[in-house]
1. Any idea what angle helix 5-17 forms with the longest principal axis of the chain, computed on alpha-carbon atoms, 0 to 90 degrees, nearest 10?
2. In the chain, once you exclude exposed GluC sites (Glu not before Pro) (DSSP loop, at most 13 other Cβ within 10 angstrom), what's the longest stretch remaining?
3. Between GLY191, GLY183, GLY106, which gets the highest mean-square fluctuation from a Gaussian network model of the chain, Cα cutoff 10 Å?
4. Measure nothing fancy, just the Cα-based angle from helix 300-312's long axis to the longest principal axis of the chain, in degrees from 0 to 90, nearest 10.
5. For region 96-156, what class follows from the C-alpha gyration tensor (a ≥ b ≥ c being the square roots of its eigenvalues): rounded when a/c is under 1.5, otherwise prolate if a/b is larger than b/c, else oblate?
6. If each residue's Cβ is checked for other Cβ atoms within 10 Å, how do MET114, MET135, MET128 rank with the fewest at the top?
7. Going by Cα centres, region 186-257 and region 148-166 are how many Å apart?
8. Per the Kirkwood definition applied to all pairs of different Cα atoms, how many angstroms is the hydrodynamic radius of region 251-305?
Amino acid sequence: MPLTRRELLAGALGAALGPALARAAGANAKERAMTERTVKEVVVPTPASDGAGVLLKRSIATPTLDHLDPFFLFDHFGSERPDDYIAGFPMHPHRGIETITYMLDGSVSHRDSMGNSGTIGTGDVQWMTAGRGIMHEEMPHAGPRRLDGFQVWVNLPRKLKMTAPRYQDVPSARIPEVALRGGGRVRVIAGQVEGTAGAVREIFADPSYLDVALAAGETFEQPVARGHTALLYAYQGEVSVGAASAGRGRAVPSPRLAILSDGDVVRVHAPASPARFLLLSAQPLHEPAVRYGPFVMNTKEEIAQALHELRSGTFIRP
Ligand code: CO
């Protein structure tokens, strides 16, 4: 339900006066306390090279932004020149995280230590829970079209870091699409939009991963659980985030990552021309985290253990 300006002001007032007053306000207290998420910070992606020399735009896992609990990496790879990506990501390990690959265009072949292999093509998602350990290879194909896509890492909580590895391979056709009233549409990779549940489920961080296309002049409004970390990545056109209908939103051009403030709902508007963006949210873990290359663990000792197992050939367990 759209928030009126009055309701927003009431929410701000409620927050300022404290929970006791909000309780005293009675049945409407909850609704009045609804707040809109706004842009806290706009991050300009950093050019980076990873794997055997794949050029990409990195927004999380950079010298200035290590992580946004529980997101530990946000990469946008995309190029028309095969030389920028063809070297790929030869065999490498992961432990303690989930890696999510979403292809907009082109394709990547993968194979791993569990005996899985296949191709992730246009519109497909691979949600990999690395858990206690997996070795895999991700090799882009030089195609007639550009290569374009994203990889995101979501941290696993202490109790699941050593869980058995698991894949959720989701072909494009299985990703639900919700048509918006203004002509746009949302691909629901994870989470929920207007009662439509995403293709990827049963992930600890209770993530939402939406790919949204807006028509010129259209506004998208989406509830986001309070307390969850939320970010928006504009990759086509320009959007305005927060207080959208009042024309006071913050402009987010592409390609940019916008870190959102806490709140209950986010409103994104495409002012002048069509725009596309990812909207991601997940529950933060609030646990100590130590990153080393493709591992994210809770302690330095656990990182040393992973490296020791790699060297001694015991990293992959049957
Ligand atoms: Co990998």
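The numbers here are math on the coordinates, done by the rules we state, and not lab data. Values in this document were obtained by computation on a predicted structure and should not be read as measured data. Every residue, glycine as well, gets a Cβ built from its backbone with ideal geometry; the counts of neighbours run over all protein chains shown.
1. Orientation of helix 5-17: about 80 degrees from the principal axis.
2. On the way: sites that count: GLU80, GLU194, GLU202.
Of all site-free stretches, the longest is 203-318.
3. Most flexible of the set in this elastic network: GLY183.
4. Approximately 30 degrees, to the nearest ten.
5. oblate
6. Numbers: MET114 15, MET135 18, MET128 23.
Ordered by Cβ neighbours within 10 Å, fewest first: MET114, MET135, MET128.
7. 21 Å
8. Numbers: mean 1/r = 0.0667 Å⁻¹.
In region 251-305 this quantity evaluates to 15.0 Å.
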